[in-house]
Amino acid sequence: MANLITFARFPLLVVVVIVLYGASAASRFAAVGLLTMVIALDSIDGIVARARHEESVYGSLLDIMADRVVELVMWICYADLGLVSVAIPLIYVARGTLVDGLRNVHVGEGTAPFKTMRTRLGRWLVGSPVMRTGYALAKLASFAGLGVVHALSAGGQTPAPELRSTLTLFQVASWLAVAICLARGIPVIVEAVPLFARRPSRPSVSASDPEGRCA
């Protein structure tokens, strides 16, 4: 059940993008409401998983994958609409690729992504309820606020001149979300450095095959 809820976020996100680019204010406001639902489902699937004892490494991976898709799609859309700097989606692409790639090293050993941290600070930054909830709220405020500005600008210049100060407020919130995102990614990178510092053992070369070739 929990994984089905997570999967439901993908088609719902497609609808969000379609109505977000609608010409009318009603369509754009609908996008804000649906986007709020998409973000809320991120918490609901976790609650259901714990209540039904459905927590698993696969479920954790699926949850992170859904989060990445939602984040990247929305930041790219907002950058395309001129509401945020293109630097934000670029940062998210680089951070997500690096951090998730490093996490896969531990996932391959059967460890859930949010349980890979070894230090106390790393565990708090990456997996504590405070950081995860704070990050979710920062994204929700940014996405919803930018969506409202976009809706109020329907039929005219985007963003409308009288909404410049409001837009600036939500752009600041967007950069706060970026800062939290980076803060939660740094421990993953730092703790992965020793893994690459270790010298891999060189395969032995047999006397019958001095060049070390494999059949």
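The values are calculated or read from the model by the stated rules, or taken from the named source; none is laboratory data. Quantities reported herein were computed from a predicted structural model and do not represent experimental measurements. Here Cβ is always computed from backbone atoms with ideal geometry, including for glycine, and neighbour counts include all displayed protein chains.
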Determine which single condition SER174 fails, assuming it passes every other condition in (1) polar (S, T, N, Q); (2) crowded, with 20+ Cβ neighbours inside 10 Å; (3) more than 23 Å from MET37 (Cβ to Cβ).
(3)
Matching residues in segment 55-96 - criterion: being surrounded by 15 or more Cβ atoms within 10 Å (Cβ to Cβ) and among the acidic types (Asp, Glu)
ASP63, ASP67, GLU71
Using the structure shown, decide if ALA26 is closer than 18 Å to LYS139 by Cα and either part of a loop (DSSP other than H, G, I, E, B) or of a type outside the set (Ser, Thr, Tyr) (or both).
no
Here are VAL105, VAL130, VAL126: which of them is modelled with pLDDT under 80, closer than 21 Å to ARG184 by Cβ, assigned to a helix (DSSP H, G or I) and β-branched (Val, Ile, Thr)?
VAL105
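Using the structure shown, decide if ALA30 is surrounded by 15 or more Cβ atoms within 10 Å (Cβ to Cβ), without any contact (Cβ under 8 Å) to a residue 12 or more places away in the chain and out of contact with any strand residue (DSSP E or B) (no Cβ under 6 Å at 6 or more places or on another chain).
Criteria met by ALA30.
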Given the conditions (1) of a type in the set (D, E, K, R); (2) at pLDDT 90 or above; (3) more than 18 Å from TYR135 (Cα to Cα), report the number of the one that ARG52 does not fulfil.
(2)
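Residues checked against (1) within 26 Å of ASP42 (Cα to Cα); (2) modelled with pLDDT of 75 or more; (3) under 22 Å from the mean Cα position of the chain (by Cα); (4) of a type in the set (A, V, I, L, M, F, W, C):
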| position | (1), (2), (3), (4) |
| --- | --- |
| PHE114 | yes, no, yes, yes |
| VAL148 | yes, yes, yes, yes |
| SER165 | no, yes, no, no |
| PHE196 | no, no, no, yes |
| ARG213 | no, no, no, no |
